[in-house]
Amino acid sequence: MSSLPVVYINLSKDVERRERMTTQLAEMGLAGSRLPAVWWADLPETEQQRYFCSPQSHGRYFKPLSNGEKGCYASHLLAWQQLIDSDSSALVVFEDDVRLLPTLPQALEAIEALPANGRWDMIKLYGRAQEKIANQAPLGPDSLQLISYQRVPSFAAGYVISRAGAKKMLETRIPFDRPVDVDIRFWFENGLHVFGVYPSVIALDDTSEVSSIWAQKEAPMSLLQKIRKFKMKLALNWGNLLTKAPHVSDVLRR
């Protein structure tokens, strides 16, 4: 069984989600702990200004960030800082709207057993059914694969982050100006080496369809926002094209 520390991000008001995550982790034999999620409106203004760069956001993201998106990002920052403040080599981070699949414990054992060569920063535990894979190799004795992406997918629902990865994110993403999963997709900006487990070892729970941190209905995008989104996609595609993605063989090499 993996000895990697596990945290799940959870708002104080979301008792049902907390109970469900506690039950799932116990059934998997994983000793997880709750990381209290940040409710953005409760942060002092000085903390909000330290975490979030509003003027820069207008140029790098296509629409204003909601308080929920800001609080979500700040919660992940707290998780990464928790890792840096510990003696652990890596940390497993979940949001509280995930369903843990039976293959998760094996995946975590295999990740913990990877060579200590510092060549991975983040390994995503959730992805699409048909992922755009750049290269892959067996991960552990089962049918799981360690993959490198053609383009890193969205979602920060579950991942393992190394100390080096946490340091990169903390040093380059405070203040942040985009949602956390979007910043991870721009891995080439700060050299974040992102890999994944395929097929996914967690799934999005039904509760993920109803966000507990921001409104479900959004206003239609303006023409300016559509232009900004197009420019952001161009920047994402261009960055992926110009920057060589990490190869799984680098991670597996001792």
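Observations on the model:
- Odd one out for residue 146 among (1) surrounded by 19 or more Cβ atoms within 10 Å (Cβ to Cβ); (2) under 16 Å from the mean Cα position of the chain (by Cα); (3) under 24 Å from residue 249 (Cβ atoms): (2)
- Of note, residue 250 satisfies the criterion of being over 25 Å from residue 62 (Cβ atoms), of a type in the set (Asp, Glu) and out of contact with any Asp or Glu (no Cβ under 6 Å at 6 or more places or on another chain).
- Restricting the range 45-86 to residues that are modelled with pLDDT of 95 or more and assigned to a loop (DSSP other than H, G, I, E, B), the residue that is surrounded by the fewest Cβ atoms within 10 Å (Cβ to Cβ): 85
- Condition check for residue 195: closer than 30 Å to residue 138 by Cα and either modelled with pLDDT under 95 or among the aromatic types (Phe, Trp, Tyr) (or both): yes
- Unmet requirement for residue 170, which otherwise passes all of (1) of a type outside the set (D, E, K, R); (2) within 26 Å of residue 31 (Cα to Cα); (3) exposed (fewer than 15 other Cβ atoms within 10 Å of the Cβ); (4) at pLDDT below 95: (4)
- Where residue 151 falls short, out of the listed (1) closer than 24 Å to residue 110 by Cα; (2) modelled with pLDDT of 95 or more: (2)
The values are calculated or read from the model by the stated rules, or taken from the named source; none is laboratory data. Please read all numbers here as calculations on a predicted model, not as lab measurements. FYI the Cβ positions are ideal-geometry reconstructions off the backbone, even for glycines, and counts take in every protein chain you see.
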